[in-house]
Amino acid sequence: MASDGMADNLFSHEVVKIAEKYFEKGALKDLPKKLAKLATERAQKKEGDSPFASKAREWGVKYEGGKIDDTTVIVAEVQDVNSNQGGAEVSEL
């Protein structure tokens, strides 16, 4: 889950690619910080493409670069309660 600060600056295919790398490395706890950093860096660029710039062009507005905004990223790993793979305690209601 993320705020529009990430969605306006990172394409979904970029987020998926990065998330897959972090998942494979077992480093999901580091993923929110990485995504927020990348989104913030892109937001400050005056050139290049971003989801916000792409949508602006669709509406006939000439726009390049990212869009400065606040950015919040939350990552959660959803597990099957029956598998208990993460080693966390699971209790049923």
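The values are calculated or read from the model by the stated rules, or taken from the named source; none is laboratory data. Computed from a predicted model, the values in this text were never measured in an experiment. Heads up, the Cβs are rebuilt from the backbone with ideal geometry, glycines too, and the neighbour counts pull from every protein chain shown. Surface accessibility is based on the protein's heavy atoms, side chains included, excluding ligands, DNA and RNA. Shrake-Rupley method; radii C 1.70, N 1.55, O 1.52, S 1.80 Å.
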Exercise. Since Gly5 meets every condition but one in (1) buried (at least 18 other Cβ atoms within 10 Å of the Cβ); (2) modelled with pLDDT of 95 or more; (3) touching a strand residue (DSSP E or B) at 6+ places or on another chain (Cβ under 9 Å), which condition does it not meet?
Worked result: (2)
For this session: Using the structure shown, decide if Lys21 is over 11 Å from the mean Cα position of the chain (by Cα) and among the charged types (D, E, K, R).
Result: yes
For this session: Take Ala76 and decide whether it is open to solvent by less than 30 Å² (accessible area, probe 1.4 Å), of a type in the set (A, V, I, L, M, F, W, C) and either modelled with pLDDT under 95 or touching a helix residue (DSSP H, G or I) at 6+ places or on another chain (Cβ under 9 Å) (or both).
Result: no
Exercise. Can you spot a residue in segment 35-51 that is over 17 Å from the mean Cα position of the chain (by Cα) and open to solvent by less than 100 Å² (accessible area, probe 1.4 Å)?
Worked result: yes
Exercise. Which of the residues belonging to segment 8-22 are in contact (Cβ under 8 Å) with a residue 40 or more places away in the chain and either assigned to a helix (DSSP H, G or I) or exposed (fewer than 14 other Cβ atoms within 10 Å of the Cβ) (or both)?
Worked result: Ala19
Exercise. Among all residue pairs at least 6 apart or on different chains, which show Cβ distances below 9 Å where the first residue, located in segment 62-84, is among the small types (Gly, Ala, Ser) and the second is open to solvent by less than 70 Å² (accessible area, probe 1.4 Å) and part of a strand (DSSP E or B)?
Worked result: none
